[in-house]
Every structure is written in structure tokens, then in C-alpha cells.
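Written below as C-alpha cells is the structure these notes are about.
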Amino acid sequence: MKYISTRGDRTLRGFSDILLEGLAPDGGLYLPTHYPQVDAAQLSRWRGLAYAELAFEILSLFIDDIPPADLKRLCDATYTEAVFGTREITPLKPLEDGLVLEALSNGPTLAFKDMAMQLLGNLFEYELARRGEQLNILGATSGDTGSAAEYAMRGKQGVRVFMLSPHGRMSPFQQAQMFSLQDANIHNIAIQGVFDDCQDIVKAVSNDLDFKRRYRIGTVNSINWARLLAQVVYYFAGYFQATKSNEELVSFAVPSGNFGNICAGHVARCMGLPIRRLVLATNENDVLDEFFRTGHYRVRGTAETWETSSPSMDISKASNFERFVFDLVQRDGARTQALFGEAIALRGGFSVSPDEQARIASFGFVSGKSTHADRLATIRATWQASGVLIDTHTADGLKVAREHREPGVPMLVLETALPAKFAATIEEALGFAPEVPEALRGIESLPRRCEVMKADVGAVKRHIERHCTA
């Protein structure tokens with residue numbers, strides 16, 4: 001299996017190379033040359049496998065430059081009951097007939113990002129040791145990616161993490177998870193701006209090829225294919241738990257900001273997993289909902305990026321969206337470059353052609369949005385009806401899921417975090433604060449390490465230089 005860039009660079013690269021590289025040299029994102037096809041016989045063989053075994057089977061289709069025994073060992077070490085709290089790893093929680101949550105937030109940082117980031121940390125450490133190299137990870141977070149990355153990378157040999165976050169825009173719990181870490185290889189930088197400013201800096205640094213190579217810059221955001229690949233696994237795991245035969249269809253509802261989580265579902269569907277619909281849910285920052293309704297993608301600036309009660313989705317430039325558009329335009333790299341490399345820079349967005357817009361339906365996507373009032377109502381109604389407490393982002397997904405349910409098709413809503421991370425909104429909805437897991441109680445009172453900076457690429461580069469030469 002080889003990988004190419006979405007923007008036209010056809011150089012074939014192996015998995016281990018793109019694992020450490022992040023963005024392609026032409027500024028595009030990596031995708032496999034083709035999606036492996038999974039037939040009914042293969043689905044039958046996988047049904048009933050433990051999660052780590054399923055992960056190994058799926059990853060093996062995309063990774064041929066890590067010995068199978070090593071890859072299996074990495075999967076077995078990652079997906080354990082000790083790390084994720086349950087033998088199933090991603091158990092289903094029934095809410096009502098035909099509507100269930102897939103629990104993805106039982107990892108160490110209480111968010112679905114742990115599902116991929118724990119594997120990514122082990123893959124990084126393995127590959128760097130194999131090469132005798134070091135890596136400086138530069139990432140951006142709107143809330144959950146940062147803590148998941150830092151908990152996965154803390155203490156890892158050969159790895160430093162420089163994580164950018166929007167200053168004052170995450171929940172107090174999310175900030176505490178990141179900034180309280182005292183590990184020497186973890187560096188938190190709070191950028192005076194919004195998540196998109198952080199993400200723009202990561203891309204600008206990654207596109208400076210000389211700097212990137214000199215300081216061995218890699219990424220952990222979902223622009224890194226390895227992270228997205230790991231997320232494909234839980235679509236298969238959810239499908240097997242929700243069905244009894246491979247003839248059944250299911251739909252998935254996914255809260256989405258940067259398009260990484262639902263893009264993994266797109267890959268699973270393209271592989272042949274029987275997915276009826278991929279239901280994309282946004283909050284008030286509805287760039288993606290607007291696209292799937294109209295075919296027009298219009299990025300917003302800082303002033304138009306709203307601060308909401310589902311802050312991990314306060315994103316107006318969905319960088320991972322480029323992978324889907326590459327498939328939508330039939331893998332035309334020049335067309336993708338014209339849209340993402342030129343039209344956005346010149347006009348702040350683009351519209352796909354009528355033929356391309358018509359093609360969206362063939363990929364199973366539908367969408368909707370949720371507001372703060374919707375969030376409160378969904379949290380309250382779910383608690384009263386089923387006794388299940390959900391976080392704000394999952395509430396967005398559940399609200400939109402209900403709008404797109406179809407008779408006879410189970411709807412799986414991907415849980416994105418535990419309610420403890422967003423206590424203020426839970427208390428507003430229900431009148432009581434959510435319980436905090438024992439291991440994280442008191443985290444908000446711990447000492448913090450974080451440097452506040454303006455949204456300046458040069459300042460971030462100098463910070464990296466200073467810590468890499470110290």
C-alpha cells in the first residue's frame with residue numbers, strides 16, 4: 001500500500017514515511033492510492049473479534065512496512081481494558097429503539113481522541129526507535145486533541161510535543177488536562193485567537209520544508225493519516241455490535257468540527273462497510289453543514305467563529321475536509337489544489353460544480369446543526385428518558401441524528417467526550433454537576449505550565465528552536 005497527496009504530488013510513499021511527515025510537501029494531505037475492499041466473507045471473519053484483533057486486521061490492509069508481528073504487538077498493547085476501562089473498548093449504550101451511543105470516551109483523557117492517539121503514540125515511539133531518530137510534534141487543538149496527544153506522548157522516547165490552543169476558549173477542565181502536565185517533553189502554547197489561527201500556524205510551519213526537515217516536525221492532528229486510520233476501526237466495531245448479519249445497514253451520526261472523525265467513517269464506507277448514512281452534526285459554526293446543504297464551502301475569520309458550549313467544534317476551516325473533496329472530485333489533484341490551495345486563499349471559499357454536488361449523495365452524507373438551546377434540551381431529555389448523561393458535543397450529534405433517522409436502520413451516535421469536561425453546561429441543563437472520574441479529581445487546582453503568544457508563525461518557530469537546542 002502506497003500513499004499520495006491530495007494536491008497532485010503522485011510520489012508514492014510508504015506508511016512509515018507519512019506517519020512521521022504529516023502534511024505532504026505540496027501542502028496536501030496523504031491518502032492511500034486506493035481503499036482496500038472488504039467483502040462479506042471478510043466481514044464474517046471479523047465479526048466477534050476482540051477490538052485489538054480487529055484493529056490489527058484493518059490496519060494491516062493499509063500498513064505493509066511494519067512487520068505483522070510488531071503491528072499486532074502495538075495493537076495489543078494499545079487497546080486494553082486497563083487503558084479504556086471496558087473489554088469491548090467501544091461498547092454501545094442503548095437510548096431508545098434503534099438509537100444508540102457508541103462509547104468512545106473511556107480513555108485516559110475522557111474523549112474519543114484517545115482511540116487514535118494512544119495508538120499513534122506507540123507507533124511514533126516504535127518507528128523512531130527503529131530509525132534512531134527524534135520527532136518534534138507540532139499540533140493544534142480546539143479542546144480534546146491536545147490532551148489526548150499529550151497523555152499519549154508524555155515520557156515517550158524521542159518525542160517532543162508543542163501544542164497550540166486558542167487562549168481562553170477551551171473549557172476549564174480541558175485547559176487543566178493539558179496545562180497541568182509537568183513532563184519535560186510537553187510544551188503548551190496558548191495562542192491569542194481561535195482554533196483556526198492555531199491550525200494555520202501548524203500548516204505554515206509544516207509548509208516551510210527547510211524548517212520542517214531541520215527540526216523534524218511531525219503532526220498529531222487528523223491531518224496525520226495514521227490518526228484517521230485508527231479511527232476507521234471503531235466504525236467496524238460499532239457495526240458488528242449493532243447488527244447480527246452483514247446484510248444489515250446502519251447509519252452513524254458524528255459531531256464534526258475538523259472533519260477527521262466523520263472522514264474515518266467515509267473511509268470505512270468506501271471500503272465496503274454497510275453504512276447507509278453518515279450524519280454530520282455541527283454547532284453554530286456551521287461551515288460543514290452549509291457545504292453539505294448547498295455545495296458551497298465558505299471559511300470564516302476569527303470574528304465569525306463563535307465561542308460555543310461545544311468548544312471542540314468551534315472551527316471554521318475544516319482541514320481534514322480536503323480528503324473528502326479529493327474523493328468527491330474523483331481524485332483530481334489539480335482540481336483539489338485549485339479549490340484548497342487557491343480559491344480559499346483568494347476568495348475565502350469555493351463552490352463545487354453541479355455534477356460534484358449531485359455526487360455528494362452517493363457518499364451517504366447528510367447534515368444538520370445544533371445550537372446552545374438545542375444542546376441543553378437534548379442533554380435534559382436524554383437524562384430524563386434514559387438516565388444517560390451526555391456531553392455537549394454528543395448532544396449536537398444526537399439532536400441531528402434524530403432528524404435523519406430511518407425506519408429499520410439503526411442509528412449509532414458517536415460519543416465524543418464525557419460530561420465531566422463541560423460541567424458548566426451540564427449544570428445549566430440539569431441543575432447538578434457531572435461526576436469527575438477519581439483519577440482526575442482536583443485537576444483544575446494543579447500548577448500549570450503554558451506560554452501565551454500572539455498568532456505569529458515566527459514566534460512559534462523561535463519557541464521550537466529554543467527548546468530543541470536547549
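Throughout, read-outs are computed from the coordinates displayed, never taken from laboratory work. Predicted model, so just to flag it, every value in this text is computed and none were measured. When we count neighbours, we look across all protein chains shown, and the Cβ atoms used for this are built from the backbone with ideal geometry, even at glycine.
Values as computed for the structure displayed
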{"read-out": "Anisotropy class of the range 240-367 from Cα gyration tensor, a/c 1.5 cut", "value": "oblate"}
{"read-out": "Contact order relative to length of the range 50-184, as percent, for alpha carbon pairs under 8 angstrom and 6 or more apart", "value": "17"}
{"read-out": "Rounded, prolate or oblate (a/c below 1.5 giving rounded, otherwise prolate when a/b exceeds b/c) for the range 295-419 by Cα gyration tensor", "value": "oblate"}
{"read-out": "D_trans [Stokes-Einstein, Kirkwood Rh over alpha-carbon pairs] for the chain, 37 °C, 0.692 mPa s, µm² s⁻¹", "value": "148"}
{"read-out": "The range 79-167: C-alpha gyration tensor shape, a/c 1.5 cut-off, then a/b vs b/c", "value": "oblate"}
{"read-out": "Residues in the range 113-150 reached by a label modelled at GLN157 [backbone nitrogen below 17 Å; 7 Å Cα→Cβ]", "value": "121-136"}
{"read-out": "Cα point-scatterer Debye curve for the range 8-148, base-10 log of I(q)/I(0) at q = 0.14, 0.15, 0.20 Å⁻¹", "value": "-0.84, -0.96, -1.45"}
{"read-out": "Alpha carbon convex hull of the range 298-352, projected area averaged over orientations, nm²", "value": "4.1"}
{"read-out": "All aspartates and glutamates inside 14 Å of LYS72 as judged from Cα atoms, apart from same-chain residues fewer than 8 positions distant", "value": "GLU53, GLU57, ASP64"}
{"read-out": "Most to least packed among 53-63, 137-147, 224-234 [average Cβ atoms within 10 Å]", "value": "137-147, 224-234, 53-63"}
{"read-out": "Segments 271-280, 257-266, 179-188, 9-18 sorted - mean Cβ within 10 Å per residue, highest first", "value": "257-266, 271-280, 179-188, 9-18"}
{"read-out": "Hull-based mean projected area of the range 114-253, where the convex hull spans the alpha carbons, in square nanometres", "value": "10.4"}
{"read-out": "Relative contact order (%) - the range 274-403, alpha-carbon pairs under 8 angstrom, separation at least six", "value": "36"}
{"read-out": "Expected 222 nm ellipticity per residue - DSSP helices of 4 or more, -39500 (n - 2.57), all of the chain, to 500", "value": "-12500 deg cm²/dmol"}
{"read-out": "Whole-number percent relative contact order across the chain, with pairs defined as alpha carbons under 8 Å at least 6 apart", "value": "20"}
{"read-out": "Taking all pairs of distinct alpha-carbon atoms in the range 29-68, Kirkwood radius in angstrom", "value": "11.5"}
{"read-out": "Given LYS212/LYS461; LYS93/LYS317; LYS2/LYS156; LYS203/LYS399; LYS203/LYS461, the pairs whose alpha carbons are separated by over 21 Å", "value": "LYS93/LYS317; LYS2/LYS156; LYS203/LYS399"}
